[in-house]
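Q: Questions regarding the structure given below will be posed in turn.
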Amino acid sequence: MQPRIKNPVLTVPGAMEALQKLGAAAKEAGVPATTLYLIEVRASQINGCSVCVDMHAQELKKAGEKDQRIFAVAAWRDTPWFSEAERAALALTEAVTRLADRPDPVPDAVWNEAAKHFEPAALAALLVQIGEINVWNRLNVAVRQVAGRWG
């Protein structure tokens, strides 16, 4: 398997730095790193981005997460291994990633549950992180970036 072209963030001047700064800003808002990695894995699963699924699953592993939780991200609703705050973040991730799938893309129930677990600044950071991972996913999927290889 070969990528179609060099990844756009390596071609467009400033693109890599801009996305990295966006991600760094989201990480400064006090959301636990593991929660951010979980939402990155979940959005990447939905979008079919093997590069990001691989990368963020490895980050979870390095952060000390058990394989059981990493392997169960796609089935988070049906397992007991996620906190209520993580579940709220994962539900928000799914809603924001799948905007076109329903008439009310981010229902009040999903929003209110997330707001119950995250202060406004942390909730904003979740949204920024969800947006950022969706950009990465779309770029990688469009150029058919190969997991484990970059460029």
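The values are calculated or read from the model by the stated rules, or taken from the named source; none is laboratory data. Just so we're clear, the structure is a prediction, and the values are computed from it rather than from any experiment. Here the Cβ positions follow ideal geometry from the backbone for every residue, glycine too, while neighbour counts run over all protein chains shown. Just the protein is used for accessible areas: all its heavy atoms, side chains included, with ligands, DNA and RNA removed. Shrake-Rupley method; radii C 1.70, N 1.55, O 1.52, S 1.80 Å.
Q: Picking from 137, 112, 47, which is most flexible by a Gaussian network model of the chain using Cα springs under 10 Å?
A: Comparing 137, 112, 47 in the GNM, the peak value goes to 112.
Q: Write out the GluC sites (Glu not before Pro) in segment 1-58 meeting two conditions: DSSP loop, and at most 13 other Cβ atoms within 10 Å of their Cβ.
A: Passing sites in segment 1-58 are 28.
Q: Could you tell me which residue out of 8, 135, 112 lies farthest along the dipole of the chain toward its positive end? Charges go on the beta carbon: Lys and Arg +1, Asp and Glu -1, centred on the Cα centre.
A: Looking along the dipole axis, the top candidate is 8.
Q: Does anything in segment 1-35 have its amide N under 11 Å from the 7 Å Cα→Cβ label point of residue 144, and if so which residues?
A: Answer for segment 1-35: 1-5.
Q: Let me ask you something else. Over the chain, with a Gaussian network built from C-alpha contacts below 10 Å, which listed residue (129, 20, 45) shows the highest mean-square fluctuation?
A: Of the options given, 20 has the highest mean-square fluctuation.
Q: Run the numbers on the chain and let me know its relative contact order in percent, using alpha-carbon pairs under 8 Å that are six or more apart.
A: So the answer I get is 41 percent.
Q: Moving to a separate point now. Of the cross-linked pairs 27/62; 27/116; 61/116; 6/66; 27/61; 6/27, which ones have a Cα-Cα span greater than 25 Å in the structure shown?
A: Flagged as over cut-off: 61/116; 6/66; 6/27.
Q: Exactly which GluC sites (Glu not before Pro) in segment 92-151 are in a DSSP loop and have at most 11 other Cβ atoms within 10 Å?
A: Of the GluC sites (Glu not before Pro), not one in the loops of segment 92-151 has a Cβ with at most 11 other Cβ atoms within 10 Å.
Q: Would you please give the residues with an amide H less than 5 Å from that of residue 65, counting only those at least 5 places away or on a separate chain, with H modeled from the backbone geometry?
A: none
Q: Most fluctuating residue of 32, 80, 103 in a GNM of the chain with Cα springs under 10 Å: which is it?
A: Comparing 32, 80, 103 in the GNM, the peak value goes to 103.
Q: While we're looking at this one, here's another question. In whole angstrom, note down how far apart the Cα centers of segment 79-151 and segment 38-67 are.
A: 12 Å
Q: Additional query: Given a 1.4 Å probe and every protein chain left where it sits, what share in percent of the accessible area of segment 56-151 is carbon and sulfur? Don't skip to the answer; put the middle values down first.
A: Numbers: 2960 of 5100 Å².
Of all accessible area on segment 56-151, carbon and sulfur atoms account for 58 percent.
Q: Please list, by residue number, every one of the trypsin sites (Lys or Arg not before Pro) in segment 1-43 that is coil in DSSP and has at most 15 other beta-carbon atoms within 10 Å.
A: Sites meeting the loop and neighbour criteria: 4, 6.
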